[in-house]
């Protein structure tokens, strides 16, 4: 069984949506709700699997909108792109307000085990709502740091920011993510361990992942952080 060995790793930075909380599908559905009325008569509807994974997942709201629209050959002004992003945001916030946020049980168990063994932990997201999502899921006590994305910052930069705020060098930090941009950035960032959670058959190994699993229940923890 693949493992995070805490004799060499002192901190773990988690992507939030789709890894810790079951909110990636909520983001995807919100994008579809916002984009499909605009796409009607211009292009095919937004696909919550292919379009979301290839063009939106792991990116900031505006960058995701731009990347998706470019994939369809649609050129919009910055104001129009921002309006679509804001429409998506309203739907997403309404959904988590109405239905709450569910955490993956395997992620919660892993976080408890890491904390018990002395690891520091961070939750990061390209979304600006990371704090709200983690709080709604009841998980704030399991993280030392929560890093939300910014409109002017690529989503993957959040991994580096998480390690910096934990005051642990990347070489002694593990990243656990499930997006192509995030794993690619981690692969270029010198992180000691990169774990990709792959539920869609994506090419994570080619982007630098050391371990690829389909569920966090497949990941063990060994050793303890040296004080």
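The values are calculated or read from the model by the stated rules, or taken from the named source; none is laboratory data. These numbers come from a predicted model, not from an experiment. As a convention, Cβ positions derive from the backbone with ideal geometry for all residues, glycine included, and neighbour counts pool all protein chains shown.
Checking the conditions here, which among 5, 15 is in contact with a strand residue (DSSP E or B) (Cβ under 9 Å, 6 or more places away or on another chain) and over 24 Å from residue 201 (Cβ atoms)?
5
Anything in the range 125-143 that is modelled with pLDDT under 95 and not in a helix (DSSP H, G or I)? List them, or say none.
Within the range 125-143, 125, 126, 127, 128, 129 meet the criteria.
If you go through the range 149-180, how many residues are at pLDDT 95 or above, under 14 Å from the mean Cα position of the chain (by Cα) and surrounded by fewer than 22 Cβ atoms within 10 Å (Cβ to Cβ)?
Going through the range 149-180 one residue at a time, the tally reaches 0.
Which of the numbered conditions does residue 46 fail, given that it passes all the others? Conditions: (1) touching a helix residue (DSSP H, G or I) at 6+ places or on another chain (Cβ under 9 Å); (2) modelled with pLDDT under 95.
Unmet condition: (2).
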